[in-house]
Ligand SMILES: O=C([O-])CC(=O)C(=O)O
Ligand SMILES: [Mg+2]
């Protein structure tokens, strides 16, 4: 097939690519070629059979055909059987299911990723509901805690204080030159598990594998980075197997300078359109970094903005079940950090958009509780800046239970990172106040969930509509099966990032987050609602991501922030055509 027809196939007959836009460049037709099409051979892989087998990007294991075994000097290096990818997948899924310890499944998946990347993504895409809890929350949390002992091959870039002054050179050591998404952490607040220092690397690696599996961004365009400025975790500092810098965290100017050098180097090396996703930074840095770099870089904070967008989507969808408009509801949060204040602000923006009321007014329906109790105006002076907009007139209230009684929320959202905080009394009070209380226990991993699905359904006597950040199995209560949803930012960031990439966006705006929420809510079907679900199943996630991407890209074009021109006519189709698919390619 000629390159022209490849391009035509890719663009559905419309010539979208002008070679220098922001769309996904696919020079070799690597992603859209089918198995019976040839792609350009890579000289190094032709040169030696062994190095081909050891290159996870091109290795196919037993799926190399007889012809390829001849042409690529693989004879004798593989046993004689030839498997197709489906049979390999069946064999691996069978093996994975033998492991009873989740961490062993995680390690088996990481081994596969390091051995045969396409097969790894094939498994993840085809079995997304089964494997998401393995490569992502909750298991990835445990993996980070034990990263020092399970660490085998580095999977991303480590940039520590030792690399100060040399970050640009470090970026150049990474083998891929054309990067579209970076997920970066400094490991200070890994899920709800706290400071895991350098071992936080599991998070960028996991998030980026979802960028590929759920959002179709090519693996070679993804770069996981951990910035190591030390750790305040004593256990790690005293652990002889700790893989990071053994010193207390740098803060203040030293921290700011390293981050500044990093952000400059990223833009210099990869250009204006590389997306930098901040992940699992502590509150005190997360808000500042987002604010500082959102006017000069394409940045997105998943914990503030991604979580906000996914929760808003669930709330919009839930109106079908509980009735009314968003403005009719009263919201109470436990936790006033990145997720809590991020969600609160996006809800206020959406109500403002719907009712035309100023956001200062729409914020008044939203209340937050932090470790010192309800956030009220008498506490204003001592509040961190990101909490100040939520300090409304009210007498002081110390506990969550008393806050529920005083505020009478219709929606209760847990975002504090602390588990078991939605007690029986709290859930019972929500159920006594509401016909259908909406209860979201967002903290991750499962151990940090504010309550379990079973607790939410049994304590509310089957009244609650429940979703959680980490997955829970369906629960049977009095003969009825309740299916909890998973309110996790994994619904949003892969499609959101894809939308930014395909439009060549250069900045992120709140309107794009609202568009992503509305796109996700629109994907919830009647069949889902009938089961009490406020999110669509993850099994459809690639289609969902394409729709989110299209809406985000549309906003980018409307706001004049898109650089990929001309604007494709059908953005859903275009997004789909840009998505990586994991089927094998023929090399000769
Ligand atoms: O990783 C997840 O499951 C969601 C998330 O961003 C977090 O909890 O920090
Ligand atoms: Mg996170």
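The values are calculated or read from the model by the stated rules, or taken from the named source; none is laboratory data. Predicted model only: the values in this text are computed from it and were never measured. When we count neighbours, we look across all protein chains shown, and the Cβ atoms used for this are built from the backbone with ideal geometry, even at glycine.
A few points about this structure:
- Qualifying residue in region 380-399 (condition: part of a helix (DSSP H, G or I), outside the structural domain of residue 281 (by TED's automatic domain parsing), surrounded by fewer than 17 Cβ atoms within 10 Å (Cβ to Cβ) and touching a helix residue (DSSP H, G or I) at 6+ places or on another chain (Cβ under 6 Å)): no
- Lone qualifier among 189, 153 - being touching a residue at least 12 places away in the same chain (Cβ under 8 Å) and surrounded by fewer than 24 Cβ atoms within 10 Å (Cβ to Cβ): 153
- Flag for residue 194 being under 21 Å from residue 255 (Cα atoms), within 16 Å of ligand 2 (Cβ to nearest atom), in the same structural domain as residue 280 (by TED's automatic domain parsing) and not in a helix (DSSP H, G or I): yes
- All positions within region 434-456 that are within 17 Å of residue 331 (Cα to Cα) and surrounded by fewer than 23 Cβ atoms within 10 Å (Cβ to Cβ): 434, 435, 436
- Scanning region 161-191 for residues that are part of a strand (DSSP E or B) and either in the same structural domain as residue 470 (by TED's automatic domain parsing) or within 14 Å of ligand 2 (Cβ to nearest atom) (or both) turns up 183, 184, 185.
- Only one of 584, 574 that is in a loop (DSSP other than H, G, I, E, B), outside the structural domain of residue 215 (by TED's automatic domain parsing) and touching a residue at least 12 places away in the same chain (Cβ under 8 Å): 584
- Selected residue (criterion: surrounded by the most Cβ atoms within 10 Å (Cβ to Cβ)) from residues of region 467-481 that are under 30 Å from residue 304 (Cβ atoms) and more than 16 Å from ligand 2 (Cβ to nearest atom): 467
- Matching entry among 235, 248, 207 (being surrounded by fewer than 16 Cβ atoms within 10 Å (Cβ to Cβ), under 21 Å from residue 103 (Cα atoms), in the same structural domain as residue 126 (by TED's automatic domain parsing) and at pLDDT 95 or above): 235
- The strands (runs of 3 or more DSSP E) falling completely within region 410-511 that include 1 or more residues that are touching a strand residue (DSSP E or B) at 6+ places or on another chain (Cβ under 6 Å), within 16 Å of ligand 1 (Cβ to nearest atom) and under 24 Å from residue 206 (Cα atoms) map to 411-414, 438-441, 465-468.
- Condition check for residue 257: closer than 13 Å to residue 289 by Cα and more than 26 Å from the chain's Cα centre (by Cα): yes
- Pairs where the first residue, in region 270-281, is closer than 9 Å to residue 185 by Cβ and in the same structural domain as residue 137 (by TED's automatic domain parsing) and the second is in a loop (DSSP other than H, G, I, E, B) and away from ligand 2 (no atom under 16 Å from the Cβ), C-beta under 9 Å, 6+ apart: none
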